[in-house]
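Have a look at the structure below before the remarks.
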Amino acid sequence: MVGLLLAGTIAGREQAALPRLGLPESHDVVGYLARMGFFEAARGIYDFDAPARRASSGGRSDVLLEITSVSSNADVHEVVDRVQGQAGAILTSKLGYPGTAAVQFSVMLSELCQNIIEHADAPGWVAAQAYNWAKRLGRFVVVISVMDVGRGFRGSLAGEHSLRYGDRWGDSTALEAAFLHGLTRFPDSGRGQGIQQIRKQVRRWDGAITIRSGTARIGQVPEWDDAPPLVDGLAPLPGAQVSIILPAKATDAFGTGGA
Amino acid sequence: MTDVPRDPIAIDVGEVLGEVLSDVKRSVTSLYSSLVTRPTGRAVRSAIQLQVEGAGTVSLSLIDFSEVSIIDFSCADEVVAKLLQEYLDDGPPDAYFVFSGVHEPHRDQIETVLTRQALAAVVETHPGVFGLLGKHSAGEARVWGVLEEHGAIDAEEVDALLPGAEDREALGGLVRRRLAFRSPASGRVHALSRLVHHLL
């Protein structure tokens with residue numbers, strides 16, 4: 001869904017009118033889009049016929065954070081406030097995480113959103129939702145999705161770091177520099193720890209994190225996933241996309257937490 | 001000249017944050033005291049520094065986090081690490097800090113930024129229980145423990161309590177790093193926790 005918003009924003013830049021979005025016929029899908037706050041977020045990005053109110057009303061929701069636009073410091077505060085109110089119950093009931101996990105989860109979202117403001121220099125969106133990955137993993141997961149329409153990792157780091165990489169400088173080296181080595185465009189030694197700390201927390205929860213920017217994607221891959229840690233030569237993606245998957249604690253044969 | 005900093009000051013970060021957030025979020029009312037984002041952290045640090053610098057050339061501040069629900073890494077860096085760095089130089093003002101209300105949800109963020117910047121701080125982790133957080137040597141931790149146990153060490157007691165040269169060196173290190181206060185008048189070294197005890 002946040003990918004659709006990014007695609008619509010880019011398409012809108014290249015034409016005079018807003019791009020037209022045709023909604024699916026399925027009431028379930030429209031209801032899901034509504035629960036995630038997609039239609040509010042899509043206003044001003046797409047031209048679409050708002051669904052009937054009946055279709056948009058949802059039942060029980062596993063939404064930790066509806067799609068939220070992030071373009072300022074105040075937006076980050078709002079994200080953190082909303083998540084504190086909604087995340088704790090889902091992280092505990094669906095993932096089996098301890099009650100204090102909502103704090104770490106909020107800290108992670110705060111750092112992710114700040115990346116948009118400080119490094120993308122452009123607006124972005126964030127959303128988080130719980131899913132039952134019964135077939136894929138046999139467990140519930142929470143998926144956090146963050147995208148922006150900014151200058152991407154290569155653009156953000158080029159001024160400070162491209163020279164030292166010489167001919168090797170590109171999307172994948174820029175991602176490696178930020179993701180693996182904590183490089184940032186700011187000279188301040190206190191900077192660059194956001195992504196490193198997010199990776200650390202994701203690892204503690206046995207989760208997966210990937211960042212796609214430009215033509216490359218880098219990731220920290222847990223044992224339950226078989227994605228390659230670095231891929232280059234993908235279709236170009238303006239800005240950046242961060243995806244985090246947090247799985248429920250694995251249970252052992254006795255039904256107790258084993259992860 | 002007094003032996004200890006005059007009138008230690010207590011600064012409630014939750015209160016400072018509330019004032020800062022009323023500017024950041026304008027009409028939005030928050031149920032939470034979330035110390036997040038660098039600009040918010042910078043504003044909170046500036047407000048703390050105003051109070052510290054108004055307290056004279058030698059000051060001791062108790063920075064209380066107990067009303068803060070969340071602190072992210074960016075704010076931990078701005079409010080704790082950069083605050084300490086600001087006053088590590090030899091020149092005045094000579095500022096000392098104790099951080100209280102550093103509960104479990106805050107601890108990792110604060111410890112991470114301190115360690116990254118090779119800093120350490122005296123923190124109250126549980127009511128009345130103090131510790132050193134951040135980067136410090138085993139010797140510094142041991143000597144800090146002796147100082148904490150005694151509350152203060154007179155200049156004449158140093159050799160008896162810390163017979164090893166390494167330990168005496170570590171005591172000097174604690175003073176240089178603003179983790180203990182040495183009276184310029186008597187040479188007595190004070191545990192910071194004892195000097196703010198009446199504010200807790």
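The values are calculated or read from the model by the stated rules, or taken from the named source; none is laboratory data. Here the structure is a predicted model, which means the values were calculated and not measured. Cβ sites come from the backbone with ideal geometry, for glycine too, and all protein chains shown count toward neighbours. Keep in mind that these areas ignore ligands, DNA and RNA; they rest on the heavy atoms of the full protein, side chains included. Shrake-Rupley method; radii C 1.70, N 1.55, O 1.52, S 1.80 Å.
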Heavy-atom accessible area per residue - chain A, 1.4 Å, Å²: 46
Region B:133-167 and region A:136-204: distance between their alpha carbon centers, rounded to Å: 42
Shielded by partner chains, region B:83-107 residues - at least 30 Å² of accessible area, 1.4 Å probe, vs chain alone: B:P105
Chain B, helix-only ellipticity at 222 nm - DSSP H runs n ≥ 4, -39,500 (n - 2.57), divided by all residues, nearest 500: -11500 deg cm²/dmol
5 Å-binned pair-distance histogram of region A:101-259 (Cα, whole percent): 2, 9, 17, 22, 19, 14, 8, 5, 3, 1, 0, 0
Partner chain coverage, peptide A:190-198 - average Cβ within 10 angstrom: 5
Per-residue HN-Hα couplings for region A:135-150 [Karplus 6.51, -1.76, 1.60; θ = phi - 60°; Hz; x = Gly/Pro]: 7, 6, 9, x, 8, 6, 9, 10, 10, 10, 10, 10, 9, 9, 10, x
Selected from B:P184, A:G22, A:I10, residue furthest toward positive end of dipole (the protein assembly as shown; charges at beta carbon): A:G22
Span from the region A:89-132 Cα centroid across to the region B:172-200 one, whole angstrom: 41
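Two decimals, Cα atoms only, Kirkwood Rh: what is Rg/Rh over region A:148-233? List each step's numbers first, then the result.
Values: Rg = 13.1 Å, Rh = 13.5 Å.
Ratio value, two decimals: 0.97.
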Where B:S193, B:S33 fall by accessible area, highest first, once all protein chains stay in place (1.4 Å): B:S33, B:S193
Scattering curve values for the protein assembly as shown, log₁₀ I(q)/I(0), Debye with Cα scatterers, q = 0.09, 0.11, 0.12, 0.14 Å⁻¹: -0.68, -0.95, -1.08, -1.32
Nearby lysines by direct alpha-carbon distance to B:K135 (threshold 30 angstrom, same-chain neighbours under 8 apart not counted): A:K200, B:K82
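Is region A:1-156 best put as rounded, prolate or oblate by its Cα gyration tensor, with a ≥ b ≥ c the root eigenvalues, rounded for a/c under 1.5, and otherwise prolate when a/b is larger than b/c, oblate when not?
Oblate.
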Residue-averaged [θ]222 nm for chain A, counting only DSSP H segments that reach four residues, each worth -39500 (n - 2.57): -12000 deg cm²/dmol
Percent of beta bridges antiparallel (DSSP, chain B, rounded to nearest 5): 40
Cα Rg, Dmax, region B:42-128, angstrom units: 12.4, 35
Label-to-label distance, nm, for residues given as B:S66 and B:K135 (7 Å Cα→Cβ offset): 3.2
Chain B, relative contact order [Cα under 8 Å, separation at least 6], %: 21
Table column - 3J(HN,Hα) (Hz), region B:140-148, Karplus curve with 6.51, -1.76, 1.60, x for Gly and Pro: 4, 5, 5, 5, 4, x, 5, 4, 4
HN-Hα J in Hz across region A:231-241 - Karplus 6.51, -1.76, 1.60, θ = phi - 60°, x for Gly and Pro: 10, 10, x, 7, 4, x, 10, x, x, 8, 10
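More than 31 angstrom separation, counting every C-alpha pair in region B:9-199; what % is that? Write out the running numbers ahead of the final one.
Values: 3071 of 18145 pairs.
Here the tail beyond 31 Å accounts for 17 percent of pairs.
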Cα-derived Rg over Rh, computed across region A:204-252 with Rh taken as Kirkwood radius: 1.07
Number of partner chain Cβ atoms within 10 Å, mean per residue of A:237-249: 0
Sequence-distant residues sharing a close amide H with A:W224 (under 5 Å, placed H): none
Stokes-Einstein translational diffusion, region A:1-59 - Kirkwood Rh over all Cα pairs, 0.890 mPa s, 25 °C, in µm²/s: 208
Accessible area of A:L230 in the full protein assembly, 1.4 Å probe (Å², nearest 10): 70
Delta accessible area of at least 40 Å² on complex formation, residues of region A:72-97, 1.4 Å probe, chain isolated as reference: A:N73, A:H77, A:D81, A:Q84
